[in-house]
1. Mind checking the dipole of the chain: about its Cα centre, +1 per Lys or Arg Cβ, -1 per Asp or Glu Cβ, Debye to the nearest 20?
2. Val195's amide H: which non-local residues (gap 5+, or another chain) put their own amide H closer than 5 Å, with H modeled 1.01 Å from N in plane and none for Pro or chain starts?
3. In region 30-99, what percent of the accessible surface is made up of carbon and sulfur (1.4 Å probe, ligands and nucleic acids excluded)?
4. Heavy-atom accessible area of Ile237 with all protein chains present, probe 1.4 Å, nearest 10 Å²?
5. Using a 1.4 angstrom probe on heavy atoms only, work out the carbon and sulfur share of the accessible area of region 200-245 in %.
6. Which value in Å does the Kirkwood hydrodynamic radius of the chain take, with 1/r averaged over all unlike C-alpha pairs and then inverted?
7. Lys and Arg at +1, Asp and Glu at -1: add these up for the other residues within a Cβ distance under 14 Å of Leu146 and post the number.
8. Could you tell me how many degrees, from 0 to 90 and to the nearest 10, lie between the Cα long axis of helix 3-27 and the main elongation axis, the longest principal axis, of the Cα atoms of the chain?
Amino acid sequence: MNIKAFIPNFITLLNLFSGSVAVIFAVNNHFNFAAFFVFLGIFFDFFDGLLARKLNVQSDLGLQLDSLADMVTSGLVPGIVVFKLLELASNSKAVTSIDEWSETMQWTGYTFNLLPFIGLFITLASAYRLARFNLDEEQQSYFKGLPTPANALLILSLPLILEFQNNDLINSIILNKWFLIVLTILSCYILNSSVKLFALKFKNWSFKSNAVRYIFIILSIVLLVVLHFAAIPLIIILYILLSLFNNIN
């Protein structure tokens, strides 16, 4: 086995491991830990492709493995998080058992609250976006639609804002079921839209060639310093607006 060729794939597997751990935490309502492992997975996701290019060991296997890892870290986890937030917003569990399990491991009744399952549409939209990305050979220097890691950051920022910002107005918005439904619809749309969004890939370090990237990075840092976790949704909006402005120019 070519060890050098396996290094990027190992980093990708670390992304998948991080996403799998995040799933466990998200299912158990430990959103802070889920967010941490999603951030860690996205970190690995950034470096696996970079290493593959630097080592000149890009492969179809690596491409497919990367998408499978992203499907968990940036597709399944945000879907579960919105599922859980919709449970909180509706003050009702998605599945409620009427009777406890019997000794024969059979239940006699249960009720469903279908609203939280809307959150899983994000998972479906992420899968569709990743499949399209693998078949699209144009997306080298730009993206069509919002990348799944960016969408995952947007969704995972919501429980962090609830936990650490502790603003009554913001909390009431995030835990409003209609806000979460609209956010889910917008998320599914922007993931699979044809809007061209710039990629943070630098062919050189000149400001003229990378003005939009430098402006985005600087403004993002300022927003994070000032607003902390509440800055993340604004950064995603900024990313989309700057991309639209860049397309016009």
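The values are calculated or read from the model by the stated rules, or taken from the named source; none is laboratory data. Note that the structure is predicted; figures quoted are calculated from it, not measured. Because the Cβ atoms are built from the backbone with ideal geometry, glycine has one as well, and the counts that use them run over all protein chains shown. Quick note on the areas: whole protein, heavy atoms, side chains included, nothing else; ligands and nucleic acids left out. Shrake-Rupley method; radii C 1.70, N 1.55, O 1.52, S 1.80 Å.
1. Using Cβ point charges on Lys, Arg, Asp and Glu, the chain gives about 1000 debye.
2. Amide H to amide H, under 5 Å and 5 or more residues apart or across chains, Val195 pairs with Gly145.
3. That fraction is 67 percent.
4. Surface accessible to solvent at Ile237 totals approximately 90 Å².
5. 81 percent
6. For the chain, the Kirkwood estimate is 19.4 Å.
7. Overall, the nearby charge balance is +3.
8. Around 30 degrees separate the two axes.
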